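Colleague: Handing you this structure, nothing more for now.
The values are calculated or read from the model by the stated rules, or taken from the named source; none is laboratory data. Just so it is clear, the structure is predicted and the values come from calculations on it, not from any experiment. In this analysis, Cβ positions are derived from the backbone assuming ideal geometry, glycine residues included, and neighbour counts consider all displayed protein chains. All accessible areas refer to the heavy atoms of the entire protein, side chains included, with ligands and DNA or RNA removed. Shrake-Rupley method; radii C 1.70, N 1.55, O 1.52, S 1.80 Å.
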Amino acid sequence: MENTDVKLEELDNVRLKLRKTAIILLFIFTIIAVIGIILCILNLFAYVGDSTLLIVGFLMLLVGIIGDILSINNLNTKLIKKFSEAFNRNYMKEIYGENYVCDSKRGLSYSYLSSSDVLNRPNEFSSNNYFSSTYKNIEIEGSDFIATFIHYTTDSKGHTHQVRNNYGGKCYVFNFPRKFDNYFCCFEKGIKCELYKSPSNRSKVEFESVDFNKNFESFSSDQTFAFYLMTPQVQLALLDFDKAVDSNIVFVVDENRLFVFMNNYHSKFKINVFTKIDKELLKNYLLELTLPLKLIDNFDVDKNKFLDSSLD
């Protein structure tokens, strides 16, 4: 990418401005906490018949500690937001092309994603950080999501308690020109939970790769179709992808779409106001932002069997 050093300096300048604010706030709240400790000590050694000094001192200590934590967390959140906005301006169109669109306030809907036939209906569903683009004649959409399942339990005394199970992560949908008549999906083993369901009227598929079968459970409406999609090269690439990404993964191919769900996704990219934004950090962030392109390559979506609509 062009002018990488200049763009890095621009991104790091955003961090430096927030770091100045962080240092000031840390100083203020730390002073408050220290005064609180001093008042608590004075109450012990200069007891005057009441606990006013102790209460005031404890409250000041509490305010200082909470203030330090909340102020830094808030500034880190602002940094991530500003970094994302600056990164979108400077890099994303270079990666995905001029038709790249992003909207942090909206996302892919449950009704759209549920057409994959692997999602149970949650009590609540929200999504954000939507993006879309076109790459090699493949339409890409993606967003973050949180699916919430609510359960109620009653204890021996008749009290009802609400339990909320949240399943969050990332989802991508790839739309390609060819429309298949069959269906295929595979789940990473060990991730079955109330978010996912086994697809209806599909039979289990066992591939020749012992490693792939060990890591993924596959289903298809047609065994021949499953082997047509999942060549040994694709299986190996997806195993490598699974090792590289800290997430629970589900793949679905239905008609002219590839759905990819990655719940319990954990980003390896860490950023805070006290860490310099350098090329290595930028590289790690780029790797995460280009996951859709890596999926296209690993799943062979950019090959004729997905792109040539005359093969229908």
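Colleague: Between the stretch 99-175 and the stretch 15-73, what is the C-alpha centre distance in whole Å?
Modeller: Each part reduced to its Cα centre gives a spacing of 41 Å.
Colleague: What label, among (1) 197; (2) 116; (3) 170, belongs to volume of the Cα convex hull per residue in Å³ computed from the structure on display?
Modeller: Only one listed value fits the structure, namely (1).
Colleague: Which residue, chosen from ILE191, PHE219, TYR285, occupies the Cα position most advanced towards the positive end of the dipole of the stretch 185-312, where the dipole is computed from +1 (Lys, Arg) and -1 (Asp, Glu) charges on Cβ about the Cα centre?
Modeller: It is TYR285, whose Cα lies furthest towards the positive end.
Colleague: I need the shape label for the stretch 215-301. Rule: rounded when a/c is under 1.5, else prolate if a/b > b/c, else oblate, with a, b, c from the alpha carbon gyration tensor.
Modeller: Because a/c hits 1.5 or more and a/b exceeds b/c, the stretch 215-301 counts as prolate.
Colleague: Turning to a different aspect of this structure: With all protein chains present, how much of the accessible area of the chain (probe radius 1.4 Å) comes from carbon and sulfur, to the nearest whole percent?
Modeller: Carbon and sulfur: 55 percent of the exposed surface of the chain.
Colleague: Under the rule a/c < 1.5 gives rounded, and otherwise a/b versus b/c splits prolate from oblate, where does the stretch 1-152 land using the Cα gyration tensor?
Modeller: oblate
Colleague: Counting only heavy atoms of the protein chains, get the accessible area per residue of the chain (1.4 Å probe) and round it to a whole Å² value.
Modeller: Heavy-atom accessible area per residue stands at 54 Å².
Colleague: If you don't mind, there's one more thing I want to ask. How much net charge surrounds PHE306 when only the other residues with a Cβ under 11 Å from the Cβ of PHE306 are counted, with Lys and Arg +1 and Asp and Glu -1?
Modeller: Taking every other residue near PHE306 into account, the sum is +3.
Colleague: Hey, if you put +1 on the Cβ of every Lys and Arg and -1 on every Asp and Glu Cβ in the chain, which of ASN120, LEU18, LEU79 ends up farthest toward the positive end of that dipole?
Modeller: Final value for the positive-end residue is LEU18.
Colleague: Which net charge results when you count Lys and Arg as +1 and Asp and Glu as -1 among the other residues whose beta-carbon is under 10 Å from that of PHE274?
Modeller: In short, +3.
Colleague: Lys and Arg at +1, Asp and Glu at -1: add these up for the other residues within a Cβ distance under 13 Å of ARG106 and post the number.
Modeller: So the surrounding residues net to -2.
Colleague: Suppose every K and R has +1 on its Cβ and every D and E has -1 on its Cβ; what is the size of the dipole of the chain about the Cα centre, in Debye to the nearest 20?
Modeller: For the chain, the charge dipole is close to 840 debye.
Colleague: Step by step: find N for the stretch 170-218, compute 2.2 N^0.38 Å, then divide the Cα radius of gyration by it. What's the final number?
Modeller: So the Cα radius of gyration is 1.33 times the expected 2.2 N^0.38 Å.
Colleague: What angle do you read, to the nearest 10 degrees and between 0 and 90, between the alpha-carbon axis of helix 52-87 and the longest principal axis of the chain?
Modeller: Compared with the principal axis, the helix lies near 30 degrees.
Colleague: For the Cα atoms of the chain, what angle does the longest principal axis make with the long axis of helix 232-244, in degrees from 0 to 90, nearest 10?
Modeller: 0 degrees
Colleague: I'd like the accessible area for TYR152, computed on protein heavy atoms only with a 1.4 Å probe and all protein chains in place. Round to 10 Å², please.
Modeller: 150 Å²
Colleague: Any chance you could check the Cα centroid distance between the stretch 290-309 and the stretch 231-272 for me, in angstrom?
Modeller: Comparing the Cα centres of the stretch 290-309 and the stretch 231-272, I get a distance of 13 Å.
Colleague: So, one more: Let me make sure I get this right: for the stretch 119-159, a, b and c are the square roots of the gyration tensor eigenvalues over alpha carbons, sorted descending. Under 1.5 in a/c it's rounded, otherwise prolate if a/b > b/c, else oblate. Which is it?
Modeller: Taking the square roots of the gyration eigenvalues as a ≥ b ≥ c, the stretch 119-159 is prolate.
Colleague: Working from Cα positions, state the angle (0 to 90°, nearest 10) between the long axis of helix 4-45 and the longest principal axis of the chain.
Modeller: Roughly 40 degrees, rounded to the nearest 10.
Colleague: Separate question: Answer with one residue from CYS102, VAL34, VAL63: the one whose Cα lies farthest towards the positive end of the charge dipole of the stretch 15-146, charges on Cβ with Lys, Arg +1 and Asp, Glu -1.
Modeller: VAL34
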